[in-house]
Amino acid sequence: MGDVEKAARKKRRIGYVQLGLLAAVALTGVVLIAATAPNLPSALAKLPSIKRAQKKYQYRTAFGRLAAEGLIIFETRDGKKYACITEAGRQALSFEQAKLDLKSAKKRRWNGRWRVIIFDIPERRRKVRDRLRHIMQKVGFAHLQDSVWVYPYDCEDFITLLKAELKIGAAVLYMVVEHIENDKHLQEHFGLK
C-alpha cells in the first residue's frame, strides 16, 4: 500500500474516532473522561485494529481536537473531568447524520424530480466555495455546470444544514425541477434507468 493510501486511511480513522466520541458525548449528555477510554473500544469496534496504547492515545487526542474545534467542553465536578457537547457539536453531529441519511436515500424510489442546487459565492470566500464543492462531490451530487449541482432525491434538510455549517445562507438556492433537458447522462450517473 502506498503512502497516499496510508495517509487517507489514517485521516478517515481519525474522523471515525472523533465522530464516535462526539456521538457518545451527545447520547449521554456528559461523559466521564476517565471512564471513556476503557469503554469506547467496544462502542467503536468497527474501527480497523489498532494496538491498545494507540487507541488510548487516539481517544485523548480526539477529545483535544473536538475541544479545539469547540464541539465539546470540559468540566470538572468533584475532582473528575467530564466532556459535555456544545451547541456547535450538536450541529456538527446533525450535519454528519444528514450526510449519512442522504447516502441512504439512494435506496428509495425516484419520484422523477431533480433537486438542483445553485450557488454564487464571491471570490473572497473561495475556501468556503471549494469546501462546498468538495462536500457536494463527496456526498454524491452530480456536477451539471459551474456552480450547479444535481441530486435525484430529497436533500433539502441536508442543504439547510450545509448552509448553516458554511454560513452561506443566501448564496445557495435549492430547487425542485420536473425536467432537465438531456438528462439521460444524469439518470445513468445515479443508476435510475
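The values are calculated or read from the model by the stated rules, or taken from the named source; none is laboratory data. Quantities reported herein were computed from a predicted structural model and do not represent experimental measurements. Please note: Cβ atoms are built from the backbone with ideal geometry, for glycine as well, and neighbour counts cover all protein chains shown.
Tabulated values for the structure
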quantity: Residue match in the stretch 109-116 (condition: within 24 Å of Leu66 (Cβ to Cβ), not assigned by TED's automatic domain parsing to the domain that holds Ala23 and not β-branched (Val, Ile, Thr)); calculated: no
quantity: Arg109 vs. criteria assigned to a loop (DSSP other than H, G, I, E, B), exposed (fewer than 13 other Cβ atoms within 10 Å of the Cβ) and not acidic (Asp, Glu); calculated: yes
quantity: Selection count where residues are closer than 18 Å to Asn111 by Cα, not polar (S, T, N, Q) and not in a loop (DSSP other than H, G, I, E, B), scope the stretch 171-193; calculated: 9
quantity: Residue match in the stretch 138-150 (condition: in the same structural domain as Ile180 (by TED's automatic domain parsing), at pLDDT below 90, under 18 Å from the mean Cα position of the chain (by Cα) and not small (Gly, Ala, Ser)); calculated: yes
quantity: Residues within the stretch 129-170 that are part of a helix (DSSP H, G or I) and buried (at least 17 other Cβ atoms within 10 Å of the Cβ), tallied; calculated: 11
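Yes/no matrix, rows are residues, columns are (1) within 30 Å of Val177 (Cα to Cα); (2) at pLDDT 65 or above; (3) touching a Gly at 6+ places or on another chain (Cβ under 6 Å); (4) crowded, with 16+ Cβ neighbours inside 10 Å:
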position	(1), (2), (3), (4)
Ala24	no, yes, no, yes
Leu27	no, no, no, no
Leu44	no, no, yes, yes
Pro48	no, no, no, no
Ile72	no, yes, yes, yes
Asp78	no, yes, no, no
